[in-house]
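Working notes, structure below.
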Amino acid sequence: MSHTNNYDALVVGAGFTGLYTVFKLRDLGLKVCGVEAGNGVGGTWYWNRYPGARTDSQSYVYQYFFSKEILNEWNWSERFPSQQETERYLNFVADKLDLKSHYKFGQQVTEARYDEEDQTWNIITAEGMSLSASFLVMGSGGLTVPKNPEVDGIKDFQGKMIHTSRWPQEGLMTEDKRVGVIGTGATGIQVIQSIGKNVESLTVFQRTANYTIPMRNPKYDDKKRTELRKKYPDIKKQRNETFAGFSFDFQEVPFKDLEPPARKKMMEKYWADGSLSFWIGQFPEIFFEEEANREVSNFVKQKIRARINDPELANKLIPSDHGFGTRRVPLENQYYEIFNQENVNLVDVNEEPLQSIEKNGIRTSKTFYELDSLIFATGFDAGTGALTSIDLYGKDRRLLRDEWNDKGISTFMGLQVHGYPNMFMVMAPMSPVAAFCNVPTCVEQSVDWISDCIRHVRERGAKSVEPSLQAEQEWVKHHDEVADETLVSKVDSWYTSANVPGKMRRVIPYCGGANVYREHCDKVRKGGFAECLIS
Ligand code: NAP
């Protein structure tokens, strides 16, 4: 085992969070080491290279805003960029800022342990590396640890079988094959609409139908890019002031103050925009009021129905067990038209439960589906997975996994945990970036906070910082109160931890808005981190 003990900070992950953290902490004068399981930068955009992977945030907002130079030099080619383009962007940033030289790639962290005597974190990787530092920043993402379906016989399958987030660099041939896809979340939808035209047959195993919004994705030319660049100062401001960190916010006229025809007109307008603004930029009431939610849900249901030839099939593809926007709403592109094809079959696993995976396919309660390839678009152990899949020990040998299993998830603003001094997290539970924030917006905000906190501790000549138990409990209480008011909390999804059997139910993202969250964080910062124990 190789030992390196002289870092000030260790940063786990080389995605949007990790890269910016390395940059910020280096700027603070710290000796920083990044550790990344992949062999390159990108995080989510390194791992999720399945066909059709692209952002659901507009490129002009889904980027860093801290560097004018980067904003001026990088040219987006379309409104919603692909995985490849986003990965190229993050490589561009990493090269431009010379961040890669700070990283150890191909190192999967398996253990992180706080040494109370030395006030240092020691991490160990599966590849045998051991590293130490005063501060540890977990930038390991909220959707990192894949979750396979709970079906017997997975190991028996002899064709190609893959979870979407482990798609091979060299690709996976699906053309002219009999392909099965389990899962119809944001990932499944992108895969299905992308491979559906070229496979011999496609069998989609669906448990829950989702609402979607059709993506409008024009290409950008120089004229458009110049036009957008002029707006960057405004966009930067809007990102910081809006509910979800985008350049749009909820419209302000109350739902009830509009007559039904005016509401319909409004919905058509937002629908035509072809972006998430229909969800997190239109009527905020859809998150709180059943009636408003029902009307918007019905509008979307009609839109979906109009695109599906067979009414029975439409019934299956239209959600019936939850309201619009209470789960993540994916953008789609010709998704429903794929199901109109002869070679595509939708299997509702509620009517026809999955029984086993066998060497040549999947057996359900009704029949056997022969498959050459099987794709799991079955999601992640969201929010907690990256933190609880490693042995993360705080003070008194407290293991985070056990604590969260026993008492439920608990964090201070999704940034720290009491009993785990000098450890910071981004995209962790109870912050908006876990789900209700345009990722780069909230990543920049969280990392800036972390960097200010570390600076504050060092300027005081102190060595250790953690939130007080009281501050953490107050945040959890506030988080839960805000979440409980929403319809989101009443629906099963990864937002409510319901997608992992046995996981204690708790709403993962902070639902009070990225703008409100920012105010909370700023208050703590301006108050000299009084909610924290600093020694
Ligand atoms: P997900 O939303 O959790 O969806 C997983 C799918 O697999 C669901 O349809 C789920 O059904 C199904 N499933 C899981 N276990 C199953 C089983 N045993 N049998 C049958 N079906 C099963 O995961 P995801 O699609 O990977 O998306 C996760 C998140 O990643 C998204 O919500 C989004 O935040 C992010 N994402 C973003 C983009 C983008 O920006 N464009 C793209 C992809 C992903 P149930 O719904 O019934 O549980």
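The values are calculated or read from the model by the stated rules, or taken from the named source; none is laboratory data. In this text the structure is predicted, and so the values were computed from the model without any measurement. Cβ sites come from the backbone with ideal geometry, for glycine too, and all protein chains shown count toward neighbours. For accessibility, only protein heavy atoms count, side chains too; no ligands or nucleic acids. Shrake-Rupley method; radii C 1.70, N 1.55, O 1.52, S 1.80 Å.
When you go through (1) basic (Lys, Arg); (2) in contact with an Asp or Glu (Cβ under 8 Å, 6 or more places away or on another chain); (3) farther than 20 Å from Val417 by Cα one by one for Arg460, which number turns out not to apply?
(2)
Please indicate, with yes or no, whether at least one residue in segment 212-219 is under 30 Å from Glu370 (Cβ atoms), open to solvent by less than 70 Å² (accessible area, probe 1.4 Å) and either modelled with pLDDT of 95 or more or within 16 Å of the ligand (Cβ to nearest atom) (or both).
As a first pass, look at segment 212-219 and keep what is under 30 Å from Glu370 (Cβ atoms): 212.
Still in the list and also open to solvent by less than 70 Å² (accessible area, probe 1.4 Å): 212.
Those still in the list that are either modelled with pLDDT of 95 or more or within 16 Å of the ligand (Cβ to nearest atom) (or both) too: 212.
Yes, because at least one residue in segment 212-219 is under 30 Å from Glu370 (Cβ atoms), open to solvent by less than 70 Å² (accessible area, probe 1.4 Å) and either modelled with pLDDT of 95 or more or within 16 Å of the ligand (Cβ to nearest atom) (or both).
Scan segment 73-120 residue by residue and report those that are among the β-branched types (Val, Ile, Thr) and under 21 Å from the mean Cα position of the chain (by Cα). Give the steps one after another, and end with the answer.
Step one: list which residues in segment 73-120 are among the β-branched types (Val, Ile, Thr), which gives 86, 93, 109-110, 120.
Answer for segment 73-120, where residues must be among the β-branched types (Val, Ile, Thr) and under 21 Å from the mean Cα position of the chain (by Cα): Thr86, Val93, Val109.
Looking at segment 459-469 only, could you name the residues that are touching a residue at least 12 places away in the same chain (Cβ under 8 Å) and assigned to a helix (DSSP H, G or I)?
Leu469
Return the pairs, sorted by first residue and then second, in which the second residue is exposed (fewer than 13 other Cβ atoms within 10 Å of the Cβ) and at pLDDT 95 or above, the first residue lies in segment 307-321 and is under 19 Å from Asp492 (Cβ atoms), the beta carbons are less than 9 Å apart, and the residues are 6+ apart or on different chains.
Lys316/Glu351
Can you pull out the residues in segment 359-391 that are more than 16 Å from the ligand (Cβ to nearest atom) and acidic (Asp, Glu)? Explain how you work it out, then say what you get.
If we filter segment 359-391 for residues that are more than 16 Å from the ligand (Cβ to nearest atom), which is where we start, we get 359-360, 367-368, 370, 372-373, 387-391.
Correct list: Glu370, Asp372, Asp391.
State the number of residues belonging to segment 94-112 that are within 21 Å of Arg401 (Cβ to Cβ) and surrounded by 18 or more Cβ atoms within 10 Å (Cβ to Cβ).
First pass over segment 94-112, keeping only residues within 21 Å of Arg401 (Cβ to Cβ): 107-112.
Okay, now just the ones that are also surrounded by 18 or more Cβ atoms within 10 Å (Cβ to Cβ), so 107, 109, 112.
Total satisfying the criteria: 3.
Of everything in segment 461-520 that's within 18 Å of the chain's Cα centre (by Cα) and of a type in the set (Phe, Trp, Tyr), which residue is farthest from Lys236 (Cα to Cα)?
Looking at residues that are within 18 Å of the chain's Cα centre (by Cα) and of a type in the set (Phe, Trp, Tyr), I get Trp494.
What are the pairs, 6+ residues apart or on separate chains, where a residue within segment 374-387 that is under 15 Å from Ala53 (Cβ atoms) and assigned to a loop (DSSP other than H, G, I, E, B) has its Cβ under 6 Å from a residue that is within 11 Å of the ligand (Cβ to nearest atom) and of a type outside the set (Gly, Ala, Ser)?
Final answer for the pair search is Ala377/Thr164; Ala377/Val181; Ala377/Thr187; Ala377/Val191; Gly379/Lys147; Gly379/Trp494; Gly379/Asn499.
Residue-by-condition table, conditions (1) of a type in the set (S, T, N, Q); (2) under 30 Å from Gln341 (Cα atoms); (3) more than 16 Å from the ligand (Cβ to nearest atom); (4) in contact with a Ser or Thr (Cβ under 7 Å, 6 or more places away or on another chain):
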residue: Ala186; (1), (2), (3), (4): no, yes, no, no
residue: Thr203; (1), (2), (3), (4): yes, yes, no, no
residue: Asn210; (1), (2), (3), (4): yes, yes, no, yes
residue: Glu227; (1), (2), (3), (4): no, no, yes, no
residue: Phe248; (1), (2), (3), (4): no, no, yes, yes
residue: Glu252; (1), (2), (3), (4): no, no, yes, no
residue: Lys264; (1), (2), (3), (4): no, no, yes, no
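Collect the residues in segment 479-535 that are without any contact (Cβ under 8 Å) to a residue 40 or more places away in the chain, in contact with an Asp or Glu (Cβ under 8 Å, 6 or more places away or on another chain) and buried (at least 18 other Cβ atoms within 10 Å of the Cβ), keeping them in residue-number order.
Across segment 479-535, the qualifying residue is only Val507.
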